[in-house]
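Below are the structure tokens for one structure; questions will follow.
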Amino acid sequence: MGKYFGTDGFRGEANVTLTVEHAYRVGRFLGWYFGQNHRARVVIGKDTRRSSYMFEYSLVAGLTASGADAYLLHVTSTPSVSYVVRTEEFDCGIMISASHNPYYDNGIKLINAGGYKMEAEVEAKIEAYLDGEAGEIPFAKRENIGRTVDYAIGRNRYIGYLISLATRSFKKVRVGLDLANGSATTIAKGVFDALGAKTYVISNEPDGTNINAGCGSTHIERLQRYVVENGLDVGFAYDGDADRCMAVDEKGNLVDGDKIMYLCGVYMKKHGELNHNTVVTTIMSNLGLYKAFDRAGIRYEKTKVGDKYVYENMMANGYSIGGEQSGHIIFSKHATTGDGVLTSLKVMEVMLESKEPLSELLKDIVIYPQVLKNVRVADKKQVREDEDVKAAIAAAEAVLGDNGRILVRESGTEPVMRVMAEAASNEVCHQHVDQIIDVIRKKGYITEK
């Protein structure tokens, strides 16, 4: 990770740690960097946060001042930006979003011409420019000044692409969608309606401050109640920029990213579509997923947390599916990043072909209780390297043996250590997590800010 760019772009509180000046200078650099041999073309999408409009205008000012043309998708999803970049020959894409974070945060996600997360070396050059270490960039003049283009048609082409991927009609299926008052409000319902579903929608009235607020994939309980109360067949919840998907079965049970990977992995294996018989996961995936894969005869890989690392592993080895417990699922045949709406279409495909309810399709996977607690610390590296903390982790691992696991890792976007345990019961999980956090606290690493 760099000084500004973490595992998922440059993220922070709007006009506090991520300011309009930052956005303007990012635009200035990108317009110059990609425009050294031709007029650069950059496509921009945003979510529904109040500050997203401010950052959009700042980025556009920077891009056009450096001579680039800026194409605006307006409110759209991260995967739609990725799709448009790679299919319409843009030099790069920018998504303005802080994903699942609260409305007062925002972020700048950079996507390269192939539709992937921007290379670390380019982000490092941007950081050097932000810190005044790379010299000044000349302003474009006269006819060389860039222009701004309304490009809502790009989002519409993405919607058409999603519709084209469905293998059968959704007619008579009762589907609930929680749109998180975010990017999915411009995409998801139109897709499901076009495919014939009886679509019921909640959290679809964004006002700039209610994105992810008690709704969406990070607050799945609202959709769980809604599915049961309305007798729906299935529900899908997205995050702020719609690159994640969580599902709810007809009984109101949570179907997280691990269960979705199991469901789709088994289905793809059955149809000869599971390349190298392998699913790519991260270290946060549940032990129950791996035991279910073992029973199904499916191999798996484990990467660092972040769909960026999942996709890198998939591309390096030719795998067809991978993802995160949090709902970032990548289907490499169709996309280069996690795509919440695409994921829900894939779950629908499995349900419709099997003609079984989602709860029945998932009866063979048993998820271990998992407790995750975040502690804000002054120095993540000190915590990671502390011998007493290591000893506490080793002691917990020894007690759990093959019946659970411990994971202590650094957040990629915050000054936070994440302490997680999986075991036979929540009580055992809490016991081990709290013991490790007590050691971190006694060593004086925990801070309130």
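With θ set to phi - 60°, apply the Karplus curve 6.51 cos²θ - 1.76 cosθ + 1.60 along the range 2-9 and write out the HN-Hα couplings as whole Hz, x wherever there is a Gly or Pro.
Karplus values, whole Hz, x for Gly and Pro: x, 5, 10, 8, x, 6, 9, x.
Please report the net charge: other residues with Cβ closer than 15 Å to the Cβ of Val84, K and R +1, D and E -1.
With Lys, Arg at +1 and Asp, Glu at -1, the net is -2.
Dividing the alpha-carbon Rg of the range 370-442 by 2.2 N^0.38 Å yields what? Working shown, then result.
Numbers: Rg = 11.6 Å, N = 73, 2.2 N^0.38 = 11.2 Å.
Ratio of Rg to 2.2 N^0.38 Å for the range 370-442: 1.03.
If each residue of separation counts as 0.36 nm, what is the full-extension length gain between Thr7 and Asn403 once their alpha-carbon separation is subtracted?
So the extension gain works out to 139.5 nm.
If you place +1 on the Cβ of every Lys and Arg and -1 on the Cβ of every Asp and Glu, how big does the dipole about the Cα centre of the range 370-442 come out, in debye to the nearest 20?
Numbers: 11 positive and 13 negative charges, 52 e Å.
So the dipole magnitude of the range 370-442 works out to roughly 260 debye.
Per residue of the range 147-154, what does 6.51 cos²θ - 1.76 cosθ + 1.60 with θ = phi - 60° give for ³J(HN,Hα)? Whole Hz please, x for Gly and Pro, Karplus curve as stated.
10, 10, 10, 5, 10, 4, 4, x
Among bridges DSSP assigns within the range 5-152, what percent are antiparallel (round to 5)?
About 45 percent, rounded to the nearest 5.
A follow-up question, please. Please list, in chain and number order, the residues 5+ apart from Asp105 or on another chain whose amide H is under 5 Å from its amide H, with Hs placed from the backbone.
For Asp105, whose amide H was placed from the backbone, the distant partners under 5 Å are Ala14.
Let me ask another. Can you give the convex hull volume per residue for the Cα atoms of the chain, as a whole number of Å³? Each step should come with its number before you reach the end.
On the way: hull volume 63.2 nm³, N = 449.
Taking only Cα atoms, the chain has a hull volume of 141 Å³ per residue.
Sticking with this one: In the chain, if the dipole is taken from +1 on Lys/Arg beta carbons and -1 on Asp/Glu beta carbons about the Cα centre, which of Gly231, Val439, Gly214 is farthest to the positive end?
Gly231
Can you figure out the FRET efficiency of His38 with Asp294, using R₀ = 56 Å and their beta-carbon distance, to the nearest 0.05? Working shown, then result.
Details: r = 52 Å, r/R0 = 0.92.
Plugging the Cβ-Cβ distance into 1/(1 + (r/R0)^6) gives 0.60.
What ranking do Ser164, Ser77, Ser52, Ser326 get, fewest neighbouring Cβ atoms within 10 angstrom at the top?
Ser164, Ser326, Ser52, Ser77
Excluding same-chain residues fewer than 8 positions from Lys381, which lysines have a Cα within less than 27 Å of its Cα?
By straight Cα distance, Lys381 reaches Lys3, Lys109, Lys117, Lys125, Lys302, Lys304, Lys308, Lys373, Lys390, Lys442, Lys443, Lys449.
Excluding Lys308 itself, what net charge comes from residues whose Cβ is under 13 Å from its Cβ, given Lys and Arg +1 and Asp and Glu -1?
-4
Determine, for Glu56, Glu127, Glu89, Glu143, the number of other Cβ atoms within 10 Å of each Cβ, and report the residues in order from fewest to most.
Glu143, Glu89, Glu127, Glu56
Calculated from DSSP H runs of 4 or more alone, at -39500 (n - 2.57) each and per residue, what is the 222 nm mean residue ellipticity of the chain, nearest 500? Mind dumping the intermediate values first?
On the way: 15 runs with 172 residues, N = 449.
My calculation for the chain gives -11500 deg cm²/dmol from helical runs alone.
Among Thr218, Thr343, what is the fewest-to-most ranking by other Cβ atoms within 10 Å? Please report the intermediate quantities before stating the final value.
Working: Thr218 20, Thr343 30.
Final ranking by Cβ density, sparse to dense: Thr218, Thr343.
Moving on. About the Cα centre, and with charges only on the beta carbon of Lys, Arg (+1) and Asp, Glu (-1), how big is the dipole of the range 5-152? Nearest 20 debye, please.
Here the range 5-152 has a charge dipole of around 340 debye.
Residues with beta-carbon under 10 Å from that of Thr17, excluding Thr17: net charge, scoring Lys, Arg +1 and Asp, Glu -1? Display every interim value, and only then the final one.
On the way: positive: Arg11; negative: Glu13, Asp105.
Cβ neighbours under 10 Å give a net charge of -1.
Which one of Leu254, Thr167, Tyr83 has its Cα pushed farthest toward the positive end of the charge dipole of the chain, where Lys and Arg give +1 and Asp and Glu give -1 at the Cβ?
It is Thr167.
If you place +1 on the Cβ of every Lys and Arg, -1 on the Cβ of every Asp and Glu, and leave all else neutral, what size is the dipole of the chain about its Cα centre, to the nearest 20 Debye?
The dipole of the chain has a size of about 640 debye.
Each value in this text was obtained by applying a stated rule to the coordinates, not by laboratory testing. Here the structure is a predicted model, which is why all the values come from computation and not from measurement. Reconstructed Cβ throughout: ideal geometry from the backbone, glycine too, with neighbour counts over all protein chains shown.
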